[in-house]
Amino acid sequence: MARRDWTTAALLAPAYGWLALAVFLPLGAMLFFSFLKAAPFGTRPLQFTFDNYLAFVRRPYLIDVAWTSIQIGLWTTGLCALVGLPAAIALARATRGRSQQVLFLLIVLPFWTNGLVRVFSWTMVLREGGVLDYALHLVAPSAPAVALLYSFPAIIIGLVHAYLPYMILTCYLSAAAIDDAYIEAARSLGARTPMIFAKIVLPLSLPGLISGAILIFVPVIGSFMEPRILGGRVGVTMGTMIEDQFVQAFNWPLGAALSFTMLAVVLIIFGVSSRALSARFGAQ
Amino acid sequence: MTSHLSRRTFNALLSSALGGGLLATYGSRRARAATTEITVLNWKGYGTDEAFALKAFADATGIAVKHDYFNAEAEMLTKLRTNPGAYDVVLINSARTQQVQADGLIDAIDLAALPNAKDLAAPLRDHPNLQVDGKPYGVAWLWGMTSLAVRHGKVADAQSWAIFSDPKYAGRLALFDDSITQVGIGALLTSQDINNPKDLKAITATLKAMKPNVRLMWSSEDEWNKAFAADAFDISDYWSGAAARSIKLHSLPLDFIVPKEGAIGWLDTLAVPSSSTKKAAALRFINYMIDPKFYVIWATQSGAPASTNTAAMNALPADDLSHKIYKPEDLAKLKFMSALPDDRRQAFNDVWDEVKAFYAK
């Protein structure tokens with residue numbers, strides 16, 4: 001028994017060691033920085049302060065920025081769920097063999113291109129006189145010009161494109177695990193398709209939906225490349241604000257404190273929403 | 001005539017460097033036989049290490065030039081401090097000169113010892129940022145600026161930064177996403193010192209007033225070129241060197257203008273570390289770096305920022321773009337960046353972040 005414990009520990013050690021090194025060490029350093037007055041470079045003495053965590057009080061405009069970021073997060077996650085879940089169910093239950101492989105390839109394809117390249121290619125599609133505008137005017141010459149670039153929808157489009165694969169892959173795992181017998185049983189009892197979806201497929205896909213939402217919501221809230229390049233004037237998010245602290249103001253402590261404040265906000269959102277979800281579906 | 005004079009001075013300097021009068025009669029073959037080696041501390045690929053220049057300089061003077069590089073100004077300071085005697089020429093941005101001087105790391109320069117210094121543009125050569133107690137602690141070498149770029153043919157009345165909030169150009173403005181630049185423009189518009197504005201509230205209000213015009217914020221030359229080519233904006237603040245490249249390499253139709261309030265300039269200098277043991281040779285190299293003969297080849301073959309030497313700028317081919325971008329009459333209008341203390345840098349960043357949050361609302 002003890003021997004097996006040791007084997008398990010030995011097998012897990014590299015993974016946990018790597019996690020500790022790659023995640024907790026830099027995060028710990030940043031947490032430490034966030035309580036400093038100035039970044040500890042050169043010969044400056046360390047001065048501790050809680051001031052950085054009062055940023056939202058001292059700089060009220062940050063509340064607007066944080067709200068924009070949360071809206072971007074909600075829109076992106078919502079649209080990814082709306083598009084990703086049906087795609088995952090179709091992939092898991094309605095396709096087989098070669099066509100399934102091809103579909104998987106198409107879904108994973110965006111991962112193979114550099115993020116910056118993807119964003120810049122969107123600028124070519126979305127701008128006035130761009131691909132989308134051109135295509136629309138081929139079909140309907142009298143339609144008004146489509147100039148989505150440098151707007152809120154442009155940011156959402158770019159982010160949904162970048163993060164949709166996460167949602168499809170996590171939902172696919174849940175949807176593929178649903179036993180066909182449940183659906184057959186429901187049909188034999190006279191349930192129609194919408195009822196089967198609402199009572200069986202959706203609840204059983206929920207773990208995938210939730211882990212997909214977490215995987216997407218967290219990085220989207222902190223995203224800065226897509227808002228900056230696609231959003232123009234409106235592309236000011238917590239991500240770009242934090243980036244400014246690191247790159248322009250050289251105020252690592254403030255940047256770190258803003259990051260941890262956002263992390264706290266995200267955790268609160270998850271806490272509240274997971275309680276609400278479990279209350280709703282746990283009762284059934 | 002000029003070359004004859006400078007060569008004589010070169011030789012006089014070299015002979016004193018070697019402590020002998022043997023080479024007073026000139027002859028490059030003899031000069032080559034005697035080898036002095038100096039070390040330059042600079043950014044990589046920034047003029048002083050051009051292969052053609054090192055060869056021409058060694059042929060003319062017998063002085064070999066070695067290089068060491070830095071990737072950040074802080075690294076340059078550390079290298080100067082920790083390796084006394086290792087360097088003979090160092091590149092220092094004029095914003096840093098007084099700080100480096102205060103640390104006792106560089107020497108005052110006798111401009112009379114540099115024959116080519118007579119053609120340096122006075123506003124740059126004698127800029128207050130380079131002076132301590134009336135003595136220059138560096139030779140003004142290269143400069144550039146952030147100023148106003150507008151679409152040729154579409155914006156004809158650009159004389160002032162106030163065009164950034166002109167209702168005629170609603171939605172046609174792009175701004176450089178950089179707090180120091182934007183606060184600087186706000187300071188120019190409110191007649192304040194760009195390096196130490198007292199009334200940040202007025203600057204914040206001035207920048208916020210541009211909101212209806214702002215279409216996008218750019219952070220790289222490539223991004224600027226793509227958006228301008230796609231007709232996303234007509235007016236922007238832009239870098240002089242990048243403007244020249246946009247016109248020359250991408251054929252973009254832009255006019256580069258220095259508004260009446262002025263533009264934000266930067267100035268790089270070459271200085272001699274006080275710990276150098278080959279100061280005479282170092283001065284000869286600096287003299288060569290401000291020589292029109294060197295600058296014209298460098299600028300036309302590789303591309304270079306503007307030279308501080310008026311004669312060098314005049315020696316560029318008549319159709320060279322530099323004549324359109326770097327005009328001698330604009331020099332007096334330039335406001336040069338100084339070093340910013342940390343709290344001011346943070347204050348500038350806060351102003352710009354607040355303005356951006358307002359733009360996004």
Listed residues A:Thr95, A:Thr76, A:Thr240; largest mean-square fluctuation, Gaussian network over chain A with Cα springs below 10 Å, found at A:Thr95
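How fast does region A:86-196 diffuse by Stokes-Einstein, in µm²/s, taking the Kirkwood radius from C-alpha pairs at 4 °C and 1.567 mPa s?
Working: Rh = 17.1 Å.
My calculation gives 76 µm²/s for D.
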Taking alpha-carbon centroids only, region B:94-154 lies from region A:29-78 a number of Å equal to 38
Along region B:243-250, Karplus-curve 3J(HN,Hα) (6.51, -1.76, 1.60; θ = phi - 60°) to the nearest Hz, with x for Gly and Pro, reads 4, 4, 5, 4, 6, 6, 8, 10
GNM on chain B, Cα springs under 10 Å; top mean-square fluctuation among B:Thr181, B:Thr190, B:Thr269 goes to B:Thr190
With no solvent term and unit scatterers on the alpha-carbon positions of region A:9-136, Debye gives log₁₀ I(q)/I(0) at q = 0.12, 0.16 Å⁻¹ of -0.99, -1.17
Any trypsin sites (Lys or Arg not before Pro) in region A:192-284 that lie in a DSSP loop and have at most 14 other Cβ atoms within 10 Å would be A:Arg192
The base-10 log of I(q)/I(0) that the Debye equation returns for chain B at q = 0.07, 0.09, 0.13 Å⁻¹, one scatterer per C-alpha, is -0.34, -0.55, -1.04
Calc'd 3J(HN,Hα), region B:253-261, phi into Karplus 6.51 cos²θ - 1.76 cosθ + 1.60 (θ = phi - 60°), Hz, glycine/Pro = x, comes to x, 10, 9, 10, 10, 9, x, 5, 6
Expected integer from the mean partner chain Cβ neighbour count at 10 Å over B:215-223 is 4
Long-range amide H partners of B:Ala263, meaning residues 5 or more apart or on another chain whose placed amide H is closer than 5 Å, are B:Leu334, B:Lys335
Among the Cα-Cα pairs of region B:135-293, the proportion with separation greater than 19 Å, in percent, is 60
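Would you please classify the overall shape of region A:139-198 from the alpha carbon gyration tensor, given that a ≥ b ≥ c denote the square roots of the eigenvalues, rounded means a/c under 1.5, and beyond that prolate means a/b larger than b/c while oblate covers the rest? Each step should come with its number before you reach the end.
Working: a/c = 4.82, a/b = 2.11, b/c = 2.28.
Oblate, because a/c is 1.5 or more while a/b does not exceed b/c.
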Ordering B:229-237, B:282-290, B:199-207 by per-residue average of other C-beta atoms within 10 angstrom, highest first, gives B:282-290, B:229-237, B:199-207
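Label chain A by shape, choosing from rounded, prolate and oblate, from the square roots a ≥ b ≥ c of the eigenvalues of the Cα gyration tensor; if a/c is under 1.5 it is rounded, and otherwise prolate applies when a/b is larger than b/c, oblate when it is not. The partial results should precede the final answer.
Values: a/c = 1.95, a/b = 1.20, b/c = 1.62.
Oblate is the answer for chain A, as a/c is 1.5 or above yet b/c matches or exceeds a/b.
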Among B:Leu114, B:Leu252, B:Leu334, the residue with the largest mean-square fluctuation in a Gaussian network model of chain B built from Cα contacts under 10 Å is B:Leu252
Shape descriptor, the protein assembly as shown: equivalent ellipsoid semi-axes (Cα gyration tensor, sqrt 5λ, whole Å, largest first) stand at 58, 30, 25
Cα pairs beyond 17 Å in region B:229-340, in percent, come to 63
The percentage of Cα-Cα pairs in region A:41-81 separated by more than 17 Å is 58
Here the convex hull volume per residue of region A:138-284, taken over Cα atoms and given in Å³, is 171
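Mind checking A:168-175 for the average number of partner chain beta-carbons within 10 Å of each residue's beta-carbon?
Numbers: counts 0, 0, 0, 0, 0, 0, 0, 0.
Partner-chain Cβ atoms within 10 Å, mean over residues of A:168-175: 0.
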In terms of the alpha carbon gyration tensor, root eigenvalues a ≥ b ≥ c, rounded if a/c is under 1.5 and otherwise prolate when a/b exceeds b/c or oblate, region B:262-320 is oblate
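Would you list the membrane-span-like helices of chain A, meaning whole DSSP H runs whose alpha-carbon atoms span at least 24 Å along their axis and whose mean Kyte-Doolittle value is at least -0.5?
Numbers: long enough: A:2-19 (25 Å, 0.08); A:61-93 (48 Å, 1.28); A:152-176 (34 Å, 1.58); A:202-221 (27 Å, 2.14); A:252-282 (43 Å, 1.40).
Qualifying helices: A:2-19, A:61-93, A:152-176, A:202-221, A:252-282.
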Mean other chain Cβ within 10 Å across A:57-64 is 3
Diffing region B:301-307: the Karplus 3J(HN,Hα) column from phi (6.51, -1.76, 1.60, θ = phi - 60°), in whole Hz with x for Gly and Pro, holds 8, 10, x, 8, x, 6, 7
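With the alpha-carbon atoms as the only input, what is the per residue convex hull volume for region A:88-134 in Å³?
Values: hull volume 4.6 nm³, N = 47.
Each residue corresponds to 99 Å³ of Cα convex hull volume.
Where a number appears in this text, it was derived from the coordinates with a stated rule and is not lab data. Nothing here was measured: the structure is a model prediction, and the numbers come from that model. Positions of Cβ are generated from backbone atoms using ideal geometry, with glycine treated the same way; all protein chains shown enter the neighbour counts.
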